[in-house]
1. Please go through region 10-47 and give me each residue that is within 20 Å of residue 92 (Cβ to Cβ), in contact with a helix residue (DSSP H, G or I) (Cβ under 7 Å, 6 or more places away or on another chain) and buried (at least 19 other Cβ atoms within 10 Å of the Cβ), ordered by number.
2. When the residues of region 113-126 are filtered to those that are in a loop (DSSP other than H, G, I, E, B) and touching a strand residue (DSSP E or B) at 6+ places or on another chain (Cβ under 7 Å), which remaining residue is nearest to residue 96 (Cα to Cα)?
3. Return the pairs, sorted by first residue and then second, in which the second residue is part of a strand (DSSP E or B) and buried (at least 19 other Cβ atoms within 10 Å of the Cβ), the first residue lies in region 1-23 and is touching a residue at least 60 places away in the same chain (Cβ under 8 Å) and on the phi > 0 side of the Ramachandran plot, the beta carbons are less than 8 Å apart, and the residues are 6+ apart or on different chains.
4. Taking the condition of being surrounded by 13 or more Cβ atoms within 10 Å (Cβ to Cβ), at pLDDT below 95 and not in a helix (DSSP H, G or I), how many residues in region 135-164 meet it?
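The values are calculated or read from the model by the stated rules, or taken from the named source; none is laboratory data. As the structure is a computational prediction, the values presented were derived from the model and not from experiment. In this analysis, Cβ positions are derived from the backbone assuming ideal geometry, glycine residues included, and neighbour counts consider all displayed protein chains.
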């Protein structure tokens, strides 16, 4: 059975309830998939703490006790929303470099709500459409004028990058 590695990035100011909710959602989806006659994939969810300029480290792994290690490659990296003001360019810099490198290795990048700020800091959204929560529209446009912001769409799937307005 194929294993799909999902990394939920815990950046400064991340909304932990959203990260935990996503973890629970993937656990339920995994149980449903595992009960199928031909399960499509096994979902492995990891929480990756990213702060202080160092490479993210695993602080939770749904499959093993391997915490404190660098995460290795992930098939999907999710940037949850934040309860704080948008992450500053300075705080985002080391994380955005790491995200850009992971994207270059084939990771699908997903932002939810204010996670779009961190995703936009990678430069990968320049000239591309993205969505984020309506409350962030003006600040987002001012900070990232080269990104095409489309808040009329709830989800924008560009194949290698997905953005979602919010978790409901």
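1. Residues satisfying the conditions are 10, 11, 47.
2. Only one residue fits best here, namely 124.
3. From residues that are touching a residue at least 60 places away in the same chain (Cβ under 8 Å) and on the phi > 0 side of the Ramachandran plot, the pairs are 13/82.
4. Residues in region 135-164 being surrounded by 13 or more Cβ atoms within 10 Å (Cβ to Cβ), at pLDDT below 95 and not in a helix (DSSP H, G or I): 1 in total.
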